Every structure is written in C-alpha cells, then in structure tokens.
Amino acid sequence: MDVGIYLDGRNPPQWARPWPEHYARTLELVEEAERLGAASVWLSEHHFFEDGYLPQPLTFAAAIAARTHSIRIGTAVLLAALRTPAQLAEEAAMVDILSNGRLDLGIGLGYRVPEYEGFDRTFERRFAQTEACLREVIRLWETGGVTPPPVQQPMALWGGFFGPRGARLAGELGAGLLAVDPALMEPYRAGLTAGGHDPGSARCAAVVNLVVADDPEDAWPRIRPHLQYQWDSYNRYAVEGTGAPDPRPIDPERWTAPGKDGAPPRFGVFSPEGAAAHIRAITDGLPVVQVYLWASIAGMPDDLVERHVTLASTELRALLA
C-alpha cells in the first residue's frame, strides 16, 4: 500500500508562528515529501477553529499543485454541503488542471453545528445536502456544465463516511472509501453492485494516527501535549452549539495503550518497523490501497515533524510497498 501525509494547517496559539511563515513551511514540507517518495498529500477542512484549522482545502491544493510534479493531492475531507455544486465543480476542476490530473476529491459530512450555521446550511440535513451536491457536481462534469473540464475523466472520488448509509453511497458512485472499518465493507460493496460497479473494485484509504521516530520513547513526551491539544479541541468543537456539556480531557497515556483483547492503540509513536506492523494490524483483510499520516500533530516541534515525514516517506513506504 502507498503512504501519504495529512495536513490540517493548525497553528495553535501556544506554539504559533506568523501565518505566511506557517504556510510557506508547510508547502516546503510537501515538496520534501514528494522528493522523498510520498505518494500523496491529503488536506482536511474545518471552520472557525482558534488555531486556524485549514478552512479552504482546494485553495491550498492549488498552491501545492503549482509547487509539485508527481504527488497526488487529496481532500480528506472536503465539506461539500457548504458549497454550491457549480462552485465545487469549477474549483475541483481547476485544481485537477493545475496538477495535471492529480486530484483525489474526498467528500464528507462534517460534524459541527456552527460550521453549517456559518454557511447558512441545515445541519440536520447534511447527508441529503452532501449527496445532492455531489451528484450534481458529477453531472456537471459529465455534461460539460462547467468549463474548463477536469483532466481526469472520471474524477478520482472518495467518500469520507463513517456509517453504512455513506458507505453505500460511496459504492453507488464508484468512489473509494476513506475508512478502515470492516463493518462498512458490506454496505460499501452492496453500493458498488447497485451502481453497476464491480465489487472487486472496492478500495479504501484512511488516516492512521501515529508518528514515526528514530527513538519513540524519547519522542513521546514531546508529542504528548500536542496530541492532547489536538483531540481535546476536536472533542470540544464537536459539542459546540449542541447544548451538550464540554467533554472531559483525554488521557494521552490511555490512547497509547493497547485496547481490549489486545486491540491496537488509538495512537502510537513507532519505529518504521513498529509503524508497519501497526498499520498491517488495523488494515488486515481490507482493500486498503493507501494510508496517510498527520505530518504534524498540532504544532509539533519542527525536528520531530521533519524526521517523521522523512521516515514515513522512505523507510515506512518501503516496508509497506
């Protein structure tokens, strides 16, 4: 399977650097990952985070396209329901053109009420809005309803869904599935069949929550506060606007411990060999063609980020090839 890196653009206040410097360094990191052999770079999307979580992934994807030559550029995920179909069809086509057919367009629902309210969308109808937008985008591309057209015909599509309804939709559209959950394989393959696609064409890709380091024991204490910040903020923003109480802070030590019955931990700091074993364990039996790793855990120190990306793009890539 291929290995890529994952970017969220976070610039947390306690570790912040000037925004132009932050984005310039991120682009340099992508260039270096491409030089080292990474297969892909994936971009996430959120809005109204205190740390400036990347709000417009296709804008940043265009910048990456202009600075790279071979690495594929994915969205994991783009919140389609916050855009009009024509806007999304045009912007994605432009990135595909600038990259000469290297866009992997991953679509998801999101989970934050304020994001939908901020874009005048109805949170409760987010699945229906997402499906309608995506089907119209595909129609616009297929009929020449927007110009210029994307290079890829058809576009490389991925569904970032975590329930059976979304997995079936991804299958019906002939898209890949951005998940590594055995429970989703049946509805996903059923969707492929319903959409007239070969069930054998099922393909998955997903983020794996780990960092690769030369000395994991030495790196973990330096990564720990960044992991805590990352997931405490995710959990806090997930309930914002819902009336639910703020969640308790995570315990990073429990995240790195094996689960019940020896299940893999939720997060780990591994050597390349340990990372490969962890990835094989969580993807066993699934049609996974690619995994991608956070390039940085919420403002992680530069030396750890750079070494992590280097090891992931070289030694881990070779072990999983």
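Quick notes on this one:
- Within a Gaussian network of the chain (alpha carbon springs, distance under 10 Å), most fluctuating of Asp198, Asp302, Asp261: Asp261
- The stretch 147-188 and the stretch 6-29: distance between their alpha carbon centers, rounded to Å: 30
- Shown for Ser201, Ser40: other C-beta atoms within 10 Å of each C-beta, ranked fewest to most, produce the order Ser201, Ser40.
- Ranked packing of 118-127, 135-144, 59-68, most packed first, by mean Cβ within 10 Å: 59-68, 135-144, 118-127
- Residues whose amide H lies under 5 Å from that of Val288, counting only those 5 or more places away or on a different chain, are Cys204; hydrogens are built 1.01 Å from N in the peptide plane.
- Across the chain, C-alpha contacts under 8 Å between residues 6 or more apart give a mean separation that, scaled by the residue count, equals a relative contact order of 21 percent.
- Against the empirical 2.2 N^0.38 Å (N residues), the chain has a Cα radius of gyration ratio of 0.96.
- Crossing angle, helix 126-143 versus the chain [Cα axis fit, 0-90 degrees, rounded to tens]: 60
- For Gly160, distant residues with modelled amide H under 5 Å away: Ile107, Gly108, Leu178
- For the stretch 268-273, backbone phi angles converted through the Karplus equation (6.51, -1.76, 1.60; θ = phi - 60°) give residue-by-residue couplings of x, 10, 10, 5, x, 5 Hz, Gly and Pro being listed as x.
- Residue-by-residue Karplus 3J(HN,Hα) for the stretch 16-32, coefficients 6.51, -1.76, 1.60, Hz, glycine and proline x: 5, 10, x, 4, x, 5, 4, 6, 4, 5, 5, 5, 5, 5, 5, 4, 5
- The chain: angle of helix 302-311 to the longest principal axis, Cα-based, in degrees nearest 10: 70
- From most to least packed by mean Cβ count within 10 Å, the peptides 313-320, 164-171 give 164-171, 313-320.
- FRET efficiency for the Arg17 to Glu186 pair, using the beta carbon distance and R₀ = 56 Å, is estimated at 0.75.
- Among Met1, Met155, sorting on how many other beta-carbon atoms sit within 10 Å of each Cβ, with the fewest leading, yields Met1, Met155.
- Between 0 and 90°, nearest 10: helix 216-239 axis offset from the chain longest Cα axis: 40
- As a rough guide to protection, the peptides 225-237, 204-216, 7-19 ranked by mean Cβ packing within 10 Å, highest first, stand as 204-216, 225-237, 7-19.
- Residues whose amide H falls under 5 Å from that of Arg72, counting only those 5 or more places apart or on a different chain, are Ser40, Val41, with hydrogens built in the peptide plane.
- With contributions of -39500 (n - 2.57) from each DSSP H run of at least four residues, the per-residue ellipticity at 222 nm computed over the chain stands at -13500 deg cm²/dmol.
- Positive contributions from Lys and Arg (+1) and negative ones from Asp and Glu (-1), summed over other residues with Cβ under 14 Å from the Cβ of Leu58, come out at -3.
- The spacing between the stretch 192-240 and the stretch 246-294, judged by their C-alpha centroids, is 8 Å.
- 12 Å beta-carbon shell around Leu78, net charge (K/R +1, D/E -1): -2
Where a number appears in this text, it was derived from the coordinates with a stated rule and is not lab data. Predicted, not measured: the structure shown is a model, and the values here were computed from it. A quick note on method: Cβ atoms are made from the backbone with ideal geometry, for glycine too, and the neighbour counts reach across all protein chains shown.
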